[in-house]
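*Asks:* One structure follows; several queries about it will come next.
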Amino acid sequence: MIVCVCRRVSDREIARHARAGMNFDEIQFELGVGTQCGNCECAAREVVQQCCATQ
Ligand code: FES
């Protein structure tokens, strides 16, 4: 599922980076998620948190 429409970033892509040990800021820098309109930021942070909670 696409989380960030502006940058076409999927939840899978965010989760993959989170599992690799990156925090939200690092993922944002790497993928650009949430750097345009910002509407996706909460959803993207949630994906990262869910990944961290299940590790
Ligand atoms: Fe992610 Fe706009 S939807 S920055």
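No value in this document is a laboratory result; all are computed from the given coordinates. A quick note: this is a predicted structure, and the numbers were derived from the prediction, not measured. All Cβ positions, even for glycine, are placed from backbone atoms using ideal geometry, and neighbour counts span all protein chains on display.
*Asks:* Looking at region 13-22 only, could you name the residues that are surrounded by fewer than 19 Cβ atoms within 10 Å (Cβ to Cβ) and within 14 Å of Glu46 (Cβ to Cβ)?
*Replies:* Ala15
*Asks:* Only residues in region 1-26 that are within 16 Å of Ala53 (Cβ to Cβ) and more than 9 Å from the ligand (Cβ to nearest atom) count as the first member; pair them with residues that are outside any helix (DSSP H, G or I) and not aromatic (Phe, Trp, Tyr), Cβ under 6 angstrom, at least 6 apart or cross-chain, and list the lot.
*Replies:* Note: pairs meeting the criteria are Asp11/Met1; Asp11/Val3.
*Asks:* Of all residues in region 27-49, which are hydrophobic (A, V, I, L, M, F, W, C) and either within 12 Å of the ligand (Cβ to nearest atom) or surrounded by 17 or more Cβ atoms within 10 Å (Cβ to Cβ) (or both)?
*Replies:* Ile27, Leu31, Val33, Cys37, Cys40, Cys42, Ala43, Ala44, Val47, Val48
*Asks:* Further, regarding this structure: Test Gln28 against the stated conditions and say whether it is under 8 Å from the mean Cα position of the chain (by Cα), among the polar types (S, T, N, Q) and in a helix (DSSP H, G or I).
*Replies:* yes
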